[in-house]
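Student: First the structure, then my questions, so here it is.
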């Protein structure tokens, strides 16, 4: 390309403590080009966006806009340099309670950009100009919270466009949008590109990336692994994201015994095609799929943490319909949530208290807790799972992520458990702890059924006997762990049909 | 069993002197100040540090402390009961009406008083758990509701023996059994102080040693984590308000017994003092969360300071300011000096 790129990044690195979130990343975007950026969670996408929007500063490397080096030391500098970011969370970008006109003209509130008083007429005139420039057709006096997500997002984008961006960064812009809203967004991005704006389009959805982008950069482990020119096949993208090889199985694949859970007509979300699921005692069922494919939705329904969309469940041959997690736990179903910090850890609490929380009743008589019984349970979890740390009374925060995860998983196996549901149990968990947890789960699976969900099929294959693949809320196939290949999984994860047969 | 310490950041070998001082101040600061204030008042007035005056101080804070125990329980589940003052007022009126207007026995009046407290709690639970209104504003609404209801049922007037109702004198009066709860003593210890001590022990055991208390703290610590561990968050939040309502009702019954009449709005000031006692309690022993010991110390602290200032002939109108200062210092202690609040 002879054109000077609008933005060029070279040798960009970012280190957090001992880990490199980004390592020697280089990319350029030409005027009018839409560059796609994909990668699994933790690949470094967020870090790159944070650097380009001036939220964090890189450890090393250079960023040039129109050939001139820029120092993005805070978000305002980034905006002045022409780098405008629309973040994933739409509602962080609008002020609810204010009307469309006020939201479009928020920038005018910055110091030095207007007088002391806000005039309604001037606001509306300014807002109308911004709306027209962005071809936004919304009543200016409508309260933003009354508008659908897609329109709220268009308002955010319109405001960003009023700053005359050189580069527009869209961070997972479609995660909260309906199919029709996505069409509108894609048309808008195309128009902007035609006007010469460079677009960095970050998404988990392969179909959008394939349709919209001129080139696609794939991040993995903090580095750019491949840059594809479109058209590119979905499975090739998935392979590049995941890093190809499927390692040799380290466990013996089992068939399982009596069904523990039988689910028919389940849906990950309203409107998705129904799927059936049977989990047998002694088997570990893996569920994999890219982010947003419906894994969490599926598991949370089985645990009563979100309402069942449709279908019927039975547990050990009896109808099972949990109203809430309490009912599920009482029926012998256990769930380890995706976000350990937010969904499992109680800051300041001891390991012992974390272990006994789901089964306080077992550790109390007439309501009074027995410290001895609690400590014994905590010590068992520590011993069985090899939790490294100062013991049952240690504060959970003093443990490493992997050891915290051992506690959060292990506590459910203390006591009656029929079905163990694990959502991304290996996230933020070091390799050693990962292997420990996987081994214990396989050992205990003799008596119970286990479902383990992860967007990394290799993690799933480390423990599972068979793997169900989801794409965009729908089951695209099922593979036995014994004959899973990277190619096959990538095809299914990208939404391809299952030609391999073998259920 | 081998437990290997993997050198994670739990115990740094030696904290700098300044940091250690801050930690000590955070844990023991408030207790040190309480002792210092007590010593100061004792030195200034010889009548301060006596057994009789101790009982006076305890009696003066007994009702505040009981109401504050309820507020503490509501706070453990992440709630905040602003309706306790109105609850106390409402129970005062209800018990007065029961005995004076309807000529019922003292025991019946106590039963009705407790039910009235539960009614307030029920409205709170309905608003917070079922309707999903945020705690602070839901209980604010309940506060207004029951302040108003107390006025309606008494036509806006105080209730006392011999008052006229529809041209005729009221048939009943406070029974002596009922007033014993306000002014009686057992071995020279006032009854409200005994009730306070009993309830404090019960509340302590409830929050620290029962599974219900553990569940309430879990909800206050991370409601999402508690829910996913199988705890029925809604039920426990309702339970917390029920306990808070009952404590306020006990406070109302004791206040009614002490006053011997139903004064309009008699319980309203107890809200601020009870909340202050519970919040001061955050700073005791570095708990940084609602706790029974802290609440008791907080109530005692308020009582000691007011009693001592009164003995030093400080004008009564300085009391609110002093309580406010005490509260602010405690809040800074627990929210700002927290070890580990380093960025």
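The values are calculated or read from the model by the stated rules, or taken from the named source; none is laboratory data. Bear in mind that the values here come from a model prediction, so they are computed numbers and not experimental data. Glycine gets a Cβ as well: all are built from the backbone with ideal geometry, and neighbour counts include every protein chain shown.
Student: Report whether or not residue A:333 is farther than 29 Å from residue A:206 by Cα, buried (at least 21 other Cβ atoms within 10 Å of the Cβ) and within 27 Å of the chain's Cα centre (by Cα).
Tutor: Here the answer is yes, as residue A:333 does meet what is asked.
Student: Also, quick follow-up: Scan segment A:355-372 residue by residue and report those that are in a helix (DSSP H, G or I), facing another protein chain (nearest Cβ under 8 Å) and without any contact (Cβ under 8 Å) to a residue 40 or more places away in the chain.
Tutor: Scanning segment A:355-372 gives A:360, A:361, A:363.
Student: Let me ask something additional. For segment A:302-326, name all the residues that are without any contact (Cβ under 8 Å) to a residue 60 or more places away in the chain, outside any loop (DSSP other than H, G, I, E, B), touching a strand residue (DSSP E or B) at 6+ places or on another chain (Cβ under 9 Å) and within 14 Å of chain B (Cβ to nearest Cβ).
Tutor: A:325
Student: Follow-up. Restricting attention to segment A:287-299, which residues are outside any loop (DSSP other than H, G, I, E, B) and in contact with a helix residue (DSSP H, G or I) (Cβ under 9 Å, 6 or more places away or on another chain)?
Tutor: Residues satisfying the conditions are A:287, A:288.
Student: Somewhere in segment A:55-62, is a residue surrounded by fewer than 22 Cβ atoms within 10 Å (Cβ to Cβ) and under 30 Å from residue A:143 (Cα atoms)?
Tutor: Yes, because at least one residue in segment A:55-62 is surrounded by fewer than 22 Cβ atoms within 10 Å (Cβ to Cβ) and under 30 Å from residue A:143 (Cα atoms).
Student: Looking at segment A:336-349 only, could you name the residues that are in contact with a strand residue (DSSP E or B) (Cβ under 8 Å, 6 or more places away or on another chain), crowded, with 19+ Cβ neighbours inside 10 Å and either free of Cβ contacts under 8 Å to residues at least 24 places away in the same chain or facing another protein chain (nearest Cβ under 9 Å) (or both)?
Tutor: A:336, A:337, A:344, A:349
Student: Scan B:217, B:204, B:174 and give me the residue that is in contact (Cβ under 8 Å) with a residue 40 or more places away in the chain, touching a helix residue (DSSP H, G or I) at 6+ places or on another chain (Cβ under 9 Å) and outside any helix (DSSP H, G or I).
Tutor: The match here is B:174.
Student: Suppose we filter segment A:389-407 for residues that are outside any loop (DSSP other than H, G, I, E, B), facing chain B (nearest Cβ under 9 Å) and buried (at least 18 other Cβ atoms within 10 Å of the Cβ); how many remain?
Tutor: 2
Student: Something else about it: State which residue is surrounded by the fewest Cβ atoms within 10 Å (Cβ to Cβ) when the search covers only segment A:375-388 and only residues that are more than 7 Å from chain B (Cβ to nearest Cβ) and part of a loop (DSSP other than H, G, I, E, B).
Tutor: Top of the filtered list is A:386.
Student: Mind checking which residues of segment B:25-54 are at pLDDT 80 or above and closer than 30 Å to residue A:403 by Cα?
Tutor: B:27
Student: Sticking with this one: Residues A:352, A:442: which one is surrounded by fewer than 22 Cβ atoms within 10 Å (Cβ to Cβ) and either within 12 Å of chain B (Cβ to nearest Cβ) or under 30 Å from residue A:289 (Cβ atoms) (or both)?
Tutor: Matching residue, one of A:352, A:442: A:442.
Student: If I filter segment A:194-209 down to residues being part of a helix (DSSP H, G or I) and out of contact with any strand residue (DSSP E or B) (no Cβ under 8 Å at 6 or more places or on another chain), which single residue comes out as surrounded by the fewest Cβ atoms within 10 Å (Cβ to Cβ)?
Tutor: A:194
Student: With (1) in contact (Cβ under 8 Å) with a residue 40 or more places away in the chain; (2) in contact with a strand residue (DSSP E or B) (Cβ under 7 Å, 6 or more places away or on another chain) as the list, and residue A:257 as the residue in question, which single condition is left unmet?
Tutor: (1)
Student: Let me ask another. Which ones in segment B:228-248 are buried (at least 23 other Cβ atoms within 10 Å of the Cβ) and outside any helix (DSSP H, G or I)?
Tutor: Selection gives B:229, B:230, B:231.
Student: Separate question: When you go through A:226, A:262 one by one, which is the residue that is without any contact (Cβ under 8 Å) to a residue 40 or more places away in the chain, in a strand (DSSP E or B) and either touching a strand residue (DSSP E or B) at 6+ places or on another chain (Cβ under 9 Å) or not assigned by TED's automatic domain parsing to the domain that holds residue A:468 (or both)?
Tutor: The conditions single out A:226.
Student: Out of (1) buried (at least 16 other Cβ atoms within 10 Å of the Cβ); (2) touching a helix residue (DSSP H, G or I) at 6+ places or on another chain (Cβ under 6 Å), the odd one out for residue A:46 is which?
Tutor: Every listed condition holds for residue A:46 apart from (2).
Student: How many residues are surrounded by fewer than 24 Cβ atoms within 10 Å (Cβ to Cβ) and out of contact with any helix residue (DSSP H, G or I) (no Cβ under 8 Å at 6 or more places or on another chain) when one looks only at segment A:473-496?
Tutor: Within segment A:473-496, residues that are surrounded by fewer than 24 Cβ atoms within 10 Å (Cβ to Cβ) and out of contact with any helix residue (DSSP H, G or I) (no Cβ under 8 Å at 6 or more places or on another chain) number 7.
Student: Could you list, in sequence order, the residues of segment A:432-457 that are part of a loop (DSSP other than H, G, I, E, B) and in contact with a strand residue (DSSP E or B) (Cβ under 7 Å, 6 or more places away or on another chain)?
Tutor: Across segment A:432-457, the qualifying residues are A:445, A:448, A:455.
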